[in-house]
1. Among residues other than ILE121 whose Cβ falls under 9 Å from its Cβ, what is the net charge (Lys/Arg +1, Asp/Glu -1)?
2. Using packing as a proxy for protection, rank 61-69, 206-214 so that the peptide with the highest average count of other Cβ atoms within 10 Å comes first.
3. Specify the inter-centroid distance of region 111-146 and region 156-199, based on alpha-carbon positions, in whole Å.
4. How charged is the neighbourhood of CYS165? Take every other residue with its Cβ under 14 Å from the Cβ of CYS165, and add Lys/Arg as +1 and Asp/Glu as -1.
5. Full-extension gain between HIS51 and GLU125, please, as 0.36 nm times their residue separation minus the C-alpha to C-alpha distance.
Amino acid sequence: MQLEPNRTETLIQNSRNLLRNYSIQKIKLVQINAYSIKERLTFLADFMKEHSIDVLSIPETWCTPDIPDDSYRIPGYKFARADRGLKKSNNEKNTNKGNKPSKPDEYMYGGGVGLYIRDTIKWREIRKSAIKNMNETEYIIVELHGLNGDRVLVASAYRRPKGHCLADSFEVLSDVSESYSDVVIMGDLNSDLSATDVNEEGRDLEKLLERNSYHPVPFGPTHHQARLRSDPITGQ
């Protein structure tokens, strides 16, 4: 799992500028899709140490409720998580195990979101998802405290490809963010803002951002595919 150096530095620089009016402005916020924290724990620990990351957002943690926080421990950080937590049905096939029938108490793989937060930052959990369907958006929302009592709301979110509209999760965020001047949403929403003319999910996200006065950072696409047009508007 590699990140392009220039892109990494851009993400870190943007995180420094997000909270320019607050004492908490010196924190570094970065987002990485993990595709299983357990498989990449050493990489994540080394990455956060190398770049002095304060808050790391991780969609697709693949964590399950039967595995304790200690299994995902990284020294110097607390771990806030919202697991997918859905169990496979008796009739469901597990494609990762040669199409053998699933056990009734076996959790679905995939999904989940988490935030690694440096020990020295005061924070509290505000709300997290408890989905009933894998097409729902998964999220965890926390409040970070600055040295002067300033507060910022930070969310990590994941919407699977072709998942349900993001309107419900944005409504939740709107409800809890009324008393905050700064809100930072990190995550993988599988919505292409650089091709809203052909991408329905991108158009829906663009409308939600405008409606809630949110602005995408960085101002450029964060994922590239050959089919994307050459004049991207803004980031995913």
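1. After counting each charged neighbour, the total is +1.
2. Listed from highest to lowest mean packing, they are 61-69, 206-214.
3. Spelled out, the Cα-based centre of one part sits 14 Å from the other.
4. Every neighbour counted, the sum reads -1.
5. 24.2 nm
Each value in this text was obtained by applying a stated rule to the coordinates, not by laboratory testing. Keep in mind that this is a model prediction, so the values were computed, not measured. Backbone-built Cβ (ideal geometry, glycine too); neighbour counts: all protein chains shown.
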